[in-house]
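The values are calculated or read from the model by the stated rules, or taken from the named source; none is laboratory data. Here the structure is a predicted model, which means the values were calculated and not measured. Here the Cβ is made from the backbone with ideal geometry for all residues, glycine too, and neighbour counts use every protein chain on show.
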Amino acid sequence: MCGVNMGCVCDIKKSVDEMIERVGSSVEMAIPLLQAVQSKFRYIPKEAIEHIASKTEMTETKLYGVATFYSQFRLEPVGETIIRVCHGTACHVAGAEGVTEALEKRMGIKDGETTADGKYTLESVACLGCCSLAPVVSVDGEIHAKVDRGSAVELIEEREKA
């Protein structure tokens with residue numbers, strides 16, 4: 001039974017129908033369609049893939065293949081805020097491991113997890129391309145340079161005060 005929750009199956013189907021109408025249903029539209037779904041739900045729900053396959057020329061296998069091949073796509077829900085800690089060589093040498101550990105401790109999650117309240121997702125990434133600013137943390141795409149354990153925790157605490 002569907003209610004107000006945007007995550008319920010009928011709401012997902014309705015939204016996906018609108019996306020198919022807007023984006024198209026041909027196989028060539030797999031990426032734009034998955035991008036539209038992810039933009040709406042912050043990840044690609046299983047029900048969305050099933051519904052797309054039932055309404056278009058695409059199969060579930062094709063859609064899962066695209067969604068798992070490209071790192072931009074997520075098949076699991078993520079937090080409202082995504083925190084990425086660079087672990088490239090420069091950041092690693094400058095203390096990225098300690099930054100990640102401090103964030104894990106402060107948020108009560110491990111790398112790759114989302115907080116129980118759905119506010120934050122923590123991810124280690126190979127490189128953010130800011131080597132001269134190491135170690136680097138990205139908070140929803142905003143780069144923070146020369147981060148240490150303390151300033152990493154402050155990033156979270158500042159967001160919670162706002």
The condition from (1) buried (at least 16 other Cβ atoms within 10 Å of the Cβ); (2) part of a loop (DSSP other than H, G, I, E, B); (3) of a type in the set (Ser, Thr, Tyr) that Ser71 misses is numbered (1)
Out of Ser15, Ser54, Ser25, report the one residue that is polar (S, T, N, Q), within 28 Å of Asp117 (Cβ to Cβ) and not assigned by TED's automatic domain parsing to the domain that holds Leu155.
Ser15
What are the residues in region 74-91 that are outside any helix (DSSP H, G or I), over 22 Å from Val9 (Cβ atoms) and not hydrophobic (A, V, I, L, M, F, W, C), if any?
Gly79, Glu80, Thr81, Arg84, His87, Gly88
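Tally up the residues in region 82-98 that are over 30 Å from Ala53 (Cα atoms), of a type in the set (Val, Ile, Thr) and surrounded by 15 or more Cβ atoms within 10 Å (Cβ to Cβ), please.
Residues that pass the stated criteria total 2.
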For region 98-162, give me every one of the strands (runs of 3 or more DSSP E) that falls completely inside it and has 3 or more residues that are closer than 23 Å to Gln72 by Cβ and among the hydroxyl-bearing types (Ser, Thr, Tyr).
120-125
Considering only region 88-97, I want to know if a residue exists there that is over 18 Å from Val137 (Cα atoms) and free of Cβ contacts under 8 Å to residues at least 40 places away in the same chain.
no
With respect to Val125, is the statement that it is hydrophobic (A, V, I, L, M, F, W, C) and more than 14 Å from Thr81 (Cβ to Cβ) true?
yes
Can you tell me which of Gly118, Gly129, Gly88 is assigned by TED's automatic domain parsing to the domain that holds Ile143, of a type in the set (Gly, Ala, Ser) and at pLDDT 95 or above?
Gly88
Do we have any residue at all in region 60-68 that's in the same structural domain as Val27 (by TED's automatic domain parsing), surrounded by 15 or more Cβ atoms within 10 Å (Cβ to Cβ), among the hydroxyl-bearing types (Ser, Thr, Tyr) and within 18 Å of the chain's Cα centre (by Cα)?
yes
Can you tell me which residues in region 110-129 are hydrophobic (A, V, I, L, M, F, W, C) and surrounded by 18 or more Cβ atoms within 10 Å (Cβ to Cβ)?
Leu122, Leu128
For Met107, indicate whether it is assigned by TED's automatic domain parsing to the domain that holds Glu157 and crowded, with 20+ Cβ neighbours inside 10 Å.
yes
Look at Thr61 and say whether it is out of contact with any strand residue (DSSP E or B) (no Cβ under 7 Å at 6 or more places or on another chain) and either part of a helix (DSSP H, G or I) or not hydrophobic (A, V, I, L, M, F, W, C) (or both).
yes
